[in-house]
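Have a look at the structure below before the remarks.
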Amino acid sequence: ARDRVSINVPDCYADPGFNPEIDRRTGFRTRCSLTLPLTDHDQRLVGVMQVLNKAGGPFDAADQALAEALAAQCAVALARVRMTEAILANERMRHELEIASQVQRNTLPQTLPQVAGYDMHAVFKPALQTGGDTYDLTLVSRDLLVVLADASGHGIGPALLVTQMQAMLRMALRLGATLETAFRQVNDQLALTLRDGHFVNAFVGLLDASAHRLRFLSGGQGPILHWQAARNECTAYRATSFPMGAMAIVALRPAVELRFEPGDWLLLLSDGLYEYENAAGRPFGRARVEEALRAAHHGTPAALAEQLMQAVHAHAAGAAQEDDITLVLLKRSGMARSGHTGAAE
């Protein structure tokens, strides 16, 4: 069959390649056999057909010609069955992906909260139907929970992982946990359940809008950009710890605190934007992000998000999107004042 050749054996027990074990087990007596390969139109082997024990003697050339004609029809039918099965399997997978995508999108904020003195906007653009990114902008007690997370990998698994992480964070904070306690508990739970090599890069922050103060911890997620309008400069903060779920936390670094003056921004962008490569293999990079921010910082987060997406698409010049892109933009309203003071790591 591997050689795509029919084999006509007139006396099976006289053939050294015949294995009589099945005959011994079943009591059947195989006298003669005709074995034929089943190949599709591309000559790929899709099966084997075997005919046994012709009445009156061994199979002759006419029998073999008839069997080969039947084998060709069987091969076509078998190929069609397999093609139909593949189409149905793909349709089931597409349907499952649609459900997973809808579940994931339902976990994202359907409408962004109204926070006095602040404007915000978010963009979620997965590379596949489901993505390993997520974000959150939701009120927890008096504070605004700000999350940007990116799980390792792509597809349904990472999408479920970041959805799980987001739900655990919300639950912990709504039950009264501090930022530090919630971050540690979620990290350590993920470390217990995730397989080796799986993790989540996650920024987790709480904004006290009345005090204009944001405290954050970041497991592997960065850079975190803070535009200080009065100084006309952008400060980049690194992650405060390793990716969430990579291992249990032994000692947690203190949360970073940012003060927001009128006109200040917080930019959280997943690596799918920073690392988006054009055909020459050059990534979009942080410099282009800061260039867009300097040009558009007087506008709204929605306008800056649109400008960033246009810039990355212009940079890509048709190159395929290989990773999820998520943007979370937060701006304190009002005009910048002199004498601004800002926290720096």
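The values are calculated or read from the model by the stated rules, or taken from the named source; none is laboratory data. All figures in this text were calculated on a predicted structure; none of them were measured in a lab. When we count neighbours, we look across all protein chains shown, and the Cβ atoms used for this are built from the backbone with ideal geometry, even at glycine.
A few notes on this one:
- Among the residues of region 225-247, the one identified as in contact with a Lys or Arg (Cβ under 9 Å, 6 or more places away or on another chain), of a type outside the set (S, T, Y) and farther than 19 Å from T300 by Cα is A236.
- Matching residues in region 149-190 - criterion: being over 15 Å from S270 (Cβ atoms), polar (S, T, N, Q) and not in a loop (DSSP other than H, G, I, E, B): T163, Q164, T181, Q185, N187, Q189
- Region 300-324 - residue that is in contact with a helix residue (DSSP H, G or I) (Cβ under 8 Å, 6 or more places away or on another chain) and over 18 Å from E275 (Cα atoms) and, of those, surrounded by the most Cβ atoms within 10 Å (Cβ to Cβ): L304
- Scanning region 161-200 for residues that are modelled with pLDDT of 90 or more, of a type in the set (S, T, Y) and either in contact with a helix residue (DSSP H, G or I) (Cβ under 8 Å, 6 or more places away or on another chain) or under 19 Å from T107 (Cα atoms) (or both) yields a single hit, T181.
- Residue within region 116-124 that is closer than 26 Å to M93 by Cβ and touching a residue at least 60 places away in the same chain (Cβ under 8 Å) present: yes
- Tally of residues being farther than 13 Å from P37 by Cβ and either among the charged types (D, E, K, R) or surrounded by 15 or more Cβ atoms within 10 Å (Cβ to Cβ) (or both) across region 54-75: 5
- Screening region 226-240 for residues that are within 18 Å of R215 (Cα to Cα) and touching a residue at least 40 places away in the same chain (Cβ under 8 Å) and picking the one that is surrounded by the fewest Cβ atoms within 10 Å (Cβ to Cβ) gives R238.
- Qualifying residue in region 192-206 (condition: surrounded by fewer than 21 Cβ atoms within 10 Å (Cβ to Cβ), of a type outside the set (S, T, Y) and touching a residue at least 60 places away in the same chain (Cβ under 8 Å)): no
- In region 32-61, the residues that are out of contact with any strand residue (DSSP E or B) (no Cβ under 7 Å at 6 or more places or on another chain) and within 29 Å of A77 (Cα to Cα): H41, D42, Q43, R44, N53, K54, A55, P58, D60, A61
- Scanning region 278-292 for residues that are among the basic types (K, R) and in a loop (DSSP other than H, G, I, E, B) returns a single hit, R282.
- Selection count, region 1-50, where residues are aliphatic (A, V, I, L, M), assigned to a strand (DSSP E or B) and under 53 Å from the mean Cα position of the chain (by Cα): 8
- Listed by first and then second residue, the pairs linking a residue in region 272-284 that is not assigned by TED's automatic domain parsing to the domain that holds A151 to a residue that is surrounded by 10 or more Cβ atoms within 10 Å (Cβ to Cβ) and not in a helix (DSSP H, G or I), with Cβ atoms under 8 Å apart and 6 or more places separating them unless they lie on different chains, form an empty list.
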